[in-house]
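What follows is calculated from the coordinates using simple rules that are stated; it is not laboratory data. Remember, it's a predicted structure, so these values are computed and weren't measured experimentally. Ideal geometry is used to build each Cβ from the backbone, glycine not excepted, and the neighbour counts take in all protein chains shown.
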Amino acid sequence: MPFAHYLERITEGLGRPIDEMFDWVDPTPLGSASIGQIHRARTIGGDDVILKVVKPNIYVTLKRDARLLGFLGSFLQVFFSRFQPKRILDEFTEYTLREVDLRLEADNAEQFALNFSDVEDIRFPKIYREYSSRLVLTMELFDGIRPDTPASRALPEEARERLVDLGAQAIIRMLYSDGFFHADLHPGNLFVLDAEPDEAGIVRPSLGFIDLGMVGYFDGELRRTLMYYYYSLVTGDSENAARYLTSVAQLGPKADQLGFKKAVADLVRRFNAATKHGNFSLAQLIMESVSLGAHYRMYFPVELVLMTKALITFEGVGQILLPGFDVAKVSQKHINRLFLSQFNPLALMKESVKGAPELVDLMVKSPSLAAEGLRFLETQMRKPAENPMAGVKSSLLAGSSLVSGTIAASVGAPWFLWAPLFVLAAIFALKR
C-alpha cells in the first residue's frame, strides 16, 4: 500500500486522526505480505511500536479464493481420495481466514503472555488495545535479531545453548502442557532479545515470539496422547510411539490400522539406530510417520501437522545455532518434567473434579435407578420359564441391561457406585 493509503486505513480502522494516537509512523514498511503491511511507529506516550494493518478488500479476495479452492478440492477428491485434498484445502482456508481479523491475533498474544507469565525469558509482544481493532494491530516493538543471522551464530556458545533450551521449553510447554501453540513458526517469527553482554560481560538472551495470528489447539485427551507419543520418541520406545500415534488417527475406508502401527514402529526403530551415527532428526521422524498415514488410509487432525511444523522450526533453528545438537537430549529434560507433573496429586485432583457434576448426578439418581432395576428384575422372574435355565438367562440379561444403562448415563463414575448392581442382578438370577 502507498504510505498515504496506509495512514487512511489506520484512521478508518481506529476511528481517530493519526496525530491523536501516534507521534511518528515510519513511511518505509518493515514488511508487506498478502494480508497485511507493517511499519514502525511511536505512540503519543513515547512507546516504540509495530503497526500492522490489513490491506483493503483482502477479506473479499480470500473468500472468493476459498470458494474456488473448495470447488477444486471437491474435484480432486474424486480422483485422489486417499490424500483427502478437500479436507486439506478446507482446513487451509479456515486457518487463513482467521488471520484477517487482527483482534484474534491480539487475543492470542495476550493468552500466550498469560501462559508464560512465570517465565521471564520467553516473551510475547505487549498489545496496545486502545490502538487496535479488527483492521489495525499495535504491539510492542521487539528490538532484537533473528536467530538465523550471523549475529546470532556469533553469540557465545553458552548463550546459544541457552536459546536452544528456551526454544525446547517453549515448544514443549505450548504443545503438551497448554495445548495452545504458535502454528506459523519460522525463523522470521522468532527474535533473540537481550543479546548484549551485561555488566559482568555475560550474555543471557531471551526468546521472543511474534506474528501470532495462526494458532493451534489440542484438547485434553489429544494433548495427553501426543505428549506420551513425544515422550516415547525421545526415550526411544518405538512400540509405544507407534501405538500412541495410531490412537489419534482417524480411520478412512479400508484403513489398515495394524499395518500402519507396524510401519511406524519399524520407522522409529530405524531412526533410533541412526542416532548411534549422530544422524537423527526428530522432526523428520514425525513428518515421515504422519506421511505414512495416506498409504494405510489413516488420517490425522490438522493440528498434528501444525505441531510437526513447529517442531521442524525448533529443530532447524537449533541446528543453525548449535550445529549437530541432539534434539532428543535437549527435549528430554522438559518432557520428563511435564510427564512427571501429570502424576502430581494436585493435577490428578483437578482432573477428577472435572467429572464431579456427572458423579453428583449419578449419586442423586442412584436410588431411583436401583428401584426401577429391581422392579424390572422382579417382573422378569415372575414370567413362566420354558426351561430351568431360562430364568437365569433373562434375569442376567435384565441385570446387564440395567448396568449398561446406568454406566452410559454416568460416564466416568467410580466402580463402587455401579458394581452393586451387578451383585443384585446375580443374586436375583441365582434365586430364580
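Per-structure values
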read-out	value
Theoretical gain in end-to-end length, SER74 to ALA200 [0.36 nm per residue, Cα-Cα removed]	39.1 nm
Shape call, the range 256-307: gyration tensor on alpha carbons, a/c limit 1.5	oblate
Span from the the range 56-99 Cα centroid across to the the range 267-328 one, whole angstrom	27
Sorted peptide list for 140-148, 79-87, criterion being average Cβ within 10 angstrom, highest first	140-148, 79-87
Environment charge of TYR244, counting only residues whose C-beta is closer than 11 Å and scoring Lys/Arg +1, Asp/Glu -1	+1
Net +/- balance of residues flanking HIS334 in space, Cβ distance below 12 Å, scoring K and R +1, D and E -1	+3
Kirkwood hydrodynamic radius of the range 49-93, Cα pairs, Å	12.0
Share of pairwise Cα separations in the range 1-141, more than 18 Å, in percent	62
Zone of ASN57's modelled label, taken as backbone nitrogen in the range 9-30 under 20 Å from a point 7 Å along Cα→Cβ	9-13
For GLY36, residues with placed amide H under 5 Å, excluding near neighbours	LYS55
Per-residue HN-Hα couplings for the range 198-208 [Karplus 6.51, -1.76, 1.60; θ = phi - 60°; Hz; x = Gly/Pro]	7, 4, 8, x, 9, 9, 10, x, 10, 10, x
Residue-by-residue Karplus 3J(HN,Hα) for the range 306-315, coefficients 6.51, -1.76, 1.60, Hz, glycine and proline x	5, 4, 4, 4, 4, 5, 4, 4, 4, 5
ARG337 paired with LYS254, simple spin-label distance in nm, labels 7 Å along Cα-to-beta-carbon	4.9
Trypsin sites (Lys or Arg not before Pro) restricted to DSSP loop in the range 211-257 with at most 14 other C-beta within 10 Å	LYS254
Estimated vicinal HN-Hα couplings, Hz - the range 89-106 in sequence order (Karplus 6.51, -1.76, 1.60; Gly, Pro = x)	5, 4, 5, 4, 5, 4, 5, 5, 5, 5, 6, 6, 8, 6, 5, 5, 5, 4
Peptide ranges 204-211, 70-77 listed from the most packed, as the mean C-beta count within 10 angstrom indicates	204-211, 70-77
Long-range amide H partners of SER206 with built H, under 5 Å	LEU193, ASP194
Theoretical gain in end-to-end length, ARG224 to VAL305 [0.36 nm per residue, Cα-Cα removed]	27.5 nm
Overall Cα dimensions of the range 127-171, principal axis frame, Å, largest first	42, 23, 13
